[in-house]
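First comes the structure, then the notes that go with it.
The values are calculated or read from the model by the stated rules, or taken from the named source; none is laboratory data. From a predicted model like this one, the values you see are computed outputs, not experimental measurements. Ideal geometry is used to build each Cβ from the backbone, glycine not excepted, and the neighbour counts take in all protein chains shown.
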Amino acid sequence: MSEKQLPTYSRSQLALRNGQDKPQIWIAYRGHIYDVTKSRLWLRGMHYEHWAGQDLTDELQGAPHGEDVFSRFNVIGKLQP
Ligand code: HEM
């Protein structure tokens with residue numbers, strides 16, 4: 001799917017994909033929403049001290065890894081600015 005055709009989701013739609021309320025687990029990073037449902041490292045929406053269902057762009061600087069970790073995952077939408 002090209003960038004233009006990606007659906008846009010609001011922050012409250014993203015928040016429902018926190019690994020608790022719906023089966024999907026999503027996280028936003030730099031305007032893109034990634035589906036990390038298949039990750040064993042985001043079980044129930046939790047990843048170390050972080051929760052899915054939100055924009056974690058600013059939090060990545062505190063991580064022991066870079067944004068390359070997203071390469072395994074599909075961008076499924078854009079976060080409503
Ligand atoms: C205290 C903060 C964090 C710790 C200790 C942590 C630790 C880890 C570790 C050990 C991995 C395994 C693979 C690797 O190192 O490359 C990983 C993967 C990953 N992390 Fe983090 N992380 C943190 C924060 C974050 C944040 C803020 C995000 C999102 C912006 C994030 C997104 C991911 C993703 C998407 C993966 C790949 C999961 C997979 O391949 O199944 N992490 N993290």
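The set of residues in segment 8-63 that are over 14 Å from Gln80 (Cβ atoms) and part of a strand (DSSP E or B) comprises Asn18, Ile25, Ile27, Tyr29, Tyr34, Asp35, Met46, His47, His50, Trp51.
From the list Asn18, Asn74, the lone residue that is modelled with pLDDT under 95 and within 13 Å of the chain's Cα centre (by Cα) is Asn74. The numbered conditions (1) among the aromatic types (Phe, Trp, Tyr); (2) near the ligand (Cβ under 6 Å from one of its atoms); (3) crowded, with 17+ Cβ neighbours inside 10 Å are all true for Trp42 except (2).
Yes/no matrix, rows are residues, columns are (1) within 23 Å of Lys4 (Cβ to Cβ); (2) surrounded by 15 or more Cβ atoms within 10 Å (Cβ to Cβ); (3) near the ligand (Cβ under 6 Å from one of its atoms):
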{"residue": "Asn18", "(1), (2), (3)": "no, yes, no"}
{"residue": "Trp26", "(1), (2), (3)": "yes, yes, no"}
{"residue": "Tyr29", "(1), (2), (3)": "yes, yes, yes"}
{"residue": "Thr37", "(1), (2), (3)": "no, yes, no"}
{"residue": "Gly53", "(1), (2), (3)": "no, yes, no"}
{"residue": "Thr57", "(1), (2), (3)": "yes, yes, no"}
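If you go through segment 59-81 and keep only what is aliphatic (A, V, I, L, M), near the ligand (Cβ under 8 Å from one of its atoms) and within 19 Å of Leu14 (Cα to Cα), you end up with just Leu60.
When Lys4 is tested against (1) assigned to a loop (DSSP other than H, G, I, E, B); (2) surrounded by fewer than 10 Cβ atoms within 10 Å (Cβ to Cβ), only condition (1) is not met.
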